[in-house]
Amino acid sequence: MFQRWSENKADLKAWQKGNTGYPLVDAAMRELWLTGWMNNYMRHVVASFLISYLHIHWIEGYNWFQDTLVDADVAINAMMWQNGGMSGLDQWNFVMHPVDAAMTCDPRGDYVRQWIPALSSLPDEYIHTPWKCPASQLRRAGVHLGQNYPVCIITDLEAAREKSLQDVVAIRKMCETEFVDSKTGNDLVPIPLVRFGKNVEQQELCSPCLATSPTLMLPVITRREFKYKTANPDAKGNPHSAVLKGYRSRKRDEAIAYANQKQFLASTMNEYVQRQERLLKLADL
């Protein structure tokens, strides 16, 4: 029994080359390709995107990092990708949203502009969501979606996440009598007792389904959203959602976006101020 994973090679290649249409993900993957490195926060962002949104097997991410990172370590790389891939002993209890993570770590878009020059002239409020930018501003910024910067390979992030959750629940349901603890809902991992070098009472420690072999069923850290979704497969919401969506000044950003949408003068003035700030920053360099 195996979890379903996408085998879309085009999506995998778009992720590897930084052509997903999500600027923060693309900037990080382009930095990795050009320098052989990216910071830890970005590693979590791109891993979450590959696994939880593109739904591509974590082994593909492990292989790419192992091939491209100058600081690649087999043990650490494998452990982190397996935990991110929902099958490790210390599963990540979070998922990095590709847009809201960008608002948190790169609110003015400096990182994205560094690694994706094609987007460098976009106003700050659209630097992480170019697909929302008005056509007139895209033209002024020299951005041509689908030409010098790709369109999004995922059109509905929430639907992609829900499919990922459903596939996790499906495999947990298939294996719950053997590999899911009935009391805590935690995943169980079989560990051969010979590894401990001890003679432990098999009746007390072994799964009934594995009674023919001396095996310890070890409970491991499991995402609460997996437990909830397994118990409530038809629930529309999940109070334990692992997606990190909070970022600074959300209300202020929404107010500015509304003003820019409704007031042409406000939009024009805001765009002019941002251009002047970027010119001053370049002059200082």
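Highest average first, the peptides 78-90, 127-139 ordered by how many other beta carbon atoms sit within 10 Å of their residues are 78-90, 127-139.
By the rule of a C-alpha distance below 15 Å, with chain neighbours fewer than 8 residues away ignored, the aspartates and glutamates paired with Lys281 are Asp110, Asp124. Amide H to amide H distances under 5 Å link Val95 with Val243, Leu244, where only residues 5 or more positions off or on other chains count and H is placed in the peptide plane.
Legend: distances between Cα atoms for Lys13/Lys227; Lys163/Lys236; Lys163/Lys183; Lys9/Lys163; Lys13/Lys236; pairs beyond 24 Å are Lys13/Lys227; Lys163/Lys183; Lys13/Lys236.
For Val180, the amide hydrogen comes within under 5 Å of the amide hydrogens of Leu188, counting only partners 5 or more places away or on other chains and with H modelled in the peptide plane.
Cross-link partners of Lys173 among aspartates and glutamates, defined as those whose alpha carbon lies under 14 angstrom from its own and excluding same-chain residues fewer than eight positions apart: Asp181, Asp187, Asp234. Within the accessible area of region 59-202, the carbon and sulfur atoms contribute 54%, probe 1.4 Å, all protein chains present. Taking amide H atoms as placed 1.01 Å from N in the peptide plane, the amide H of Met217 lies under 5 Å from those of Ile191, Ser207, each 5 or more residues away in sequence or on another chain.
The values are calculated or read from the model by the stated rules, or taken from the named source; none is laboratory data. Every value quoted in this text rests on a predicted model; they were computed, and no experiment measured them. Neighbour counts are summed over all protein chains in view; Cβ atoms, including those assigned to glycine, are modelled from backbone coordinates with ideal geometry. The accessibility values were calculated without ligands, DNA or RNA, using every heavy atom of the protein model including side chains. Shrake-Rupley method; radii C 1.70, N 1.55, O 1.52, S 1.80 Å.
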